[in-house]
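Here the structure comes first, spelled out in structure tokens, and everything after it is commentary.
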Amino acid sequence: MGEMVKPQGILLVVSGPSGAGKGTICSMLREQLPDLGYSVSVTTRQPRVGEVDGVNYFFKTVDQVKEMIARDEFLEYAEVYGNYYGTPRQYVMDLLASGKDVLLEIDIQGALQVKEHFPEGVFVFIVPPSLDELYDRIYKRGTDSAEVIERRMASAASELSFAAKYDYIIVNDVAEKAAQRVLTLMEAERYRVARTYFIVDEICKKKQEIKE
Ligand code: 5GP
């Protein structure tokens, strides 16, 4: 019998306005899908309390990030609220090639860059139920100054208009429910013809072998 061609993993890109809850949803996805590859991003921002280098982010200097950009080491990168954030390319590509699904939790500019080069990814946009709810969540998180909250709120309103560029919109009313919706759509994505046609090939090959 011929060897099954192992399909590439699915690149799942999750973004949305900050405070929409994509961090919580992504943590839940990773708990439910222990095989899901996760790309740790590079950033130039300062670690928050409790954040660990190499776990939450690879914390780098601006010079280090500029060198990585010059060496074309990022799948995408963007400047978000005055800091650089980027996804190291090699790690993600290796995981996908090995058949693993990979989750990227990145901002909208980054997601749109990935979509340009990698349209076969699955692009999910997380939205809050309302802007009032978004404000409450960012405020309660307590990690940002009043000025930063104001900036995040101002950009959230304009960021929502990018939803149309995505494949799926998920309303984060209750995080568990929103995460479940993402799991459901990933399940459906696995059956897409582009990802499963090799099965039909295999069936036809077997039919040929019986005939011979
Ligand atoms: P935070 O500073 O709150 O951890 O992240 C700020 C924003 O940067 C969030 O929207 C987060 O999803 C985004 N972000 C994190 N890593 C990356 C990355 O590698 N690339 C891009 N483009 N955005 C990222």
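Each reported figure results from applying straightforward, stated rules to the coordinates on display, with no laboratory input. Small disclaimer: the values here were computed from a predicted structure and weren't measured. For neighbour counting, all protein chains shown are included, and Cβ atoms are generated from backbone atoms with ideal geometry for every residue, glycine included.
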* Karplus-derived HN-Hα couplings along segment 115-122 (A = 6.51, B = -1.76, C = 1.60, θ = phi - 60°), whole Hz, x at Gly and Pro -> 4, 4, 8, 9, x, 6, x, 10
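Segment 1-110: which GluC sites (Glu not before Pro) are DSSP loop and have at most 15 other beta-carbon atoms within 10 angstrom?
Values: sites: 3, 31, 51, 67, 73, 76, 79, 105; in loops: 3, 51, 73.
Qualifying residues, ordered by number: 3, 51.
Counting each DSSP H run of 4 or more residues in the chain as -39500 (n - 2.57), what helix-only mean residue ellipticity at 222 nm follows after dividing by all residues, to the nearest 500 deg cm²/dmol?
Values: 8 runs with 98 residues, N = 212.
Computed ellipticity for the chain at 222 nm equals -14500 deg cm²/dmol.
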* To do: Could you list which residues have their amide H under 5 Å from that of residue 80, counting only those 5 or more apart in sequence or on another chain, with H placed in the peptide plane?
  => 85
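Using the crude model of +1 on Lys and Arg Cβ and -1 on Asp and Glu Cβ, and no other charge, please compute the dipole size for segment 74-133 relative to its Cα centre, in debye to 20. Before the final figure, lay out each step's value.
Details: 3 positive and 10 negative charges, 51 e Å.
Once rounded to the nearest 20, the dipole reads 240 debye.
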* **For residue 57, distant residues with modelled amide H under 5 Å away** => 52
* Asked: Which far-off residues, 5 or more places away or on another chain, put their amide H under 5 Å from the one on residue 100, with H placed in the peptide plane?
  -> 9
* Express the Stokes-Einstein translational diffusion coefficient of the chain in µm² s⁻¹, to the nearest whole number, given a Kirkwood radius over alpha-carbon pairs, 37 °C and a viscosity of 0.692 mPa s. => 175 µm²/s
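Hey, fewest Cβ within 10 Å first, where do 22, 100 land in order? The partial results should precede the final answer.
Numbers: 22 26, 100 16.
Sorted ascending by nearby Cβ count, the order is 100, 22.
May I ask for the longest run of the chain untouched by chymotrypsin sites (Phe, Trp or Tyr not before Pro) that are loop-located per DSSP and have at most 14 neighbouring C-beta atoms (other than their own) within 10 Å?
Numbers: sites that count: 81, 191.
Value returned for the longest uninterrupted segment is 82-190.
Tell me, what is the percent relative contact order of the chain, built from C-alpha pairs under 8 Å that lie six or more residues apart? Could you put the intermediate results ahead of the total?
Details: 291 pairs, mean separation 66.9, N = 212.
Taking the mean separation of contacting Cα pairs over the length of the chain, I get 32 percent.
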